[in-house]
Amino acid sequence: MLDWYRAAGVDTAVGEEPVDRFAQRPPARVTPVPAVAVSPGFAERPVEAPVLLGGDPSEARSLAASAQSLDELQTLLGAYDGCGLKLRATQLVFADGNPEAEIMLIGEAPGAEEDRQGKPFVGKSGQLLDRMLAAIGLDRTKVYIANTVPWRPPGNRTPTPEEMALCLPFLHRQVELVAPKVVMTLGGPAMQTVFSTTNGIIKMRGKWSDVTIGNHPVQAIPTLHPAYLLRNPPAKEQAWRDMLSLKLKIAELGLASAE
Ligand code: URA
């Protein structure tokens, strides 16, 4: 039963009632604001405006912008307490692969194995990703891999828009510092984040667009997430077309990783 709870993301005993941690604020940040006359009996009470758990996207933006190297960014992110995902994760999952690569892959969020090892795409979907890369002559020495959020969401749920918004400045800076020539996103949430769209992945996959990530202009293509392919093997055909399209683009741009 405990295993089942853990798999569902219930890994902390907190109490009988649900607690909205995002609506909580650290004591140091509590700023009483003038009372608002709600009803005669409550008019004298100071009211605390709800804030996120230290989570301020503009703070995240200036912190991320201050990083002058990937190492610095990783250190800053490791020390950043603004995103609640960090509280439940084992460790930061920053990146894997070659920071000098011209090809960058962006996934959604670390899973259980990534959380254990501290590297993206090292579980079952990572093994499939490695095979997809190998099929077009790539491996982790030729690509750089990161995620939209660098901590595992409990129970592998999709990161919330708030969590993504807090982590996005760090992803933007990571892309600026790597400065890839092409980007491939894996799965719907990564595509929606990078392409700033609410369109679905089935409609968008396989199409190249010019996007600007942070301040870095780059050609990008979305494909299906390897975890989805593991659940829906027939969809591998579409993913294969996207991988071939990536291979063509690499050749067309004369990237160093072209065979
Ligand atoms: N799925 C992702 O999107 N990222 C990982 O790192 C692992 C699985």
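Observations
- Odd one out for residue 84, checked against (1) surrounded by fewer than 20 Cβ atoms within 10 Å (Cβ to Cβ); (2) farther than 23 Å from residue 201 by Cβ; (3) of a type outside the set (A, V, I, L, M, F, W, C); (4) in contact (Cβ under 8 Å) with a residue 40 or more places away in the chain: (1)
- The residues of the range 176-188 that are under 12 Å from the mean Cα position of the chain (by Cα) and either part of a helix (DSSP H, G or I) or of a type in the set (Phe, Trp, Tyr) (or both) amount to a single one, 188.
- Of all residues in the range 102-112 being hydrophobic (A, V, I, L, M, F, W, C) and either near the ligand (Cβ under 9 Å from one of its atoms) or surrounded by fewer than 22 Cβ atoms within 10 Å (Cβ to Cβ) (or both), the one that is farthest from residue 170 (Cα to Cα): 112
- Of the residues making up the range 137-148, those that are more than 9 Å from the ligand (Cβ to nearest atom) and hydrophobic (A, V, I, L, M, F, W, C) are 138, 143.
- Residues in the range 217-256 that are free of Cβ contacts under 8 Å to residues at least 24 places away in the same chain and outside any helix (DSSP H, G or I): 217, 232, 254.
- Number of positions in the range 118-136 that are in contact with a strand residue (DSSP E or B) (Cβ under 7 Å, 6 or more places away or on another chain) and within 12 Å of the ligand (Cβ to nearest atom): 3
- Within the range 87-120, tally of residues that are touching a helix residue (DSSP H, G or I) at 6+ places or on another chain (Cβ under 9 Å), basic (Lys, Arg) and at pLDDT 95 or above: 1
- Residue match in the range 49-71 (condition: surrounded by fewer than 12 Cβ atoms within 10 Å (Cβ to Cβ), over 29 Å from residue 100 (Cβ atoms) and modelled with pLDDT under 50): yes
- For the range 230-246, the criterion of being hydroxyl-bearing (Ser, Thr, Tyr) and closer than 25 Å to residue 134 by Cβ is met by at least one residue.
- Filtering 212, 197 for residues that are more than 16 Å from the ligand (Cβ to nearest atom), free of Cβ contacts under 8 Å to residues at least 40 places away in the same chain, part of a loop (DSSP other than H, G, I, E, B) and over 18 Å from residue 101 (Cβ atoms) leaves a single hit, 197.
- Inside the range 123-164, residues that are more than 16 Å from the chain's Cα centre (by Cα), of a type in the set (Gly, Ala, Ser) and part of a helix (DSSP H, G or I) make up a count of 2.
- From the options 115, 81, 96, residue that is away from the ligand (no atom under 16 Å from the Cβ) and either under 14 Å from the mean Cα position of the chain (by Cα) or under 24 Å from residue 61 (Cα atoms) (or both): 81
The values are calculated or read from the model by the stated rules, or taken from the named source; none is laboratory data. Please read all numbers here as calculations on a predicted model, not as lab measurements. A quick note on method: Cβ atoms are made from the backbone with ideal geometry, for glycine too, and the neighbour counts reach across all protein chains shown.
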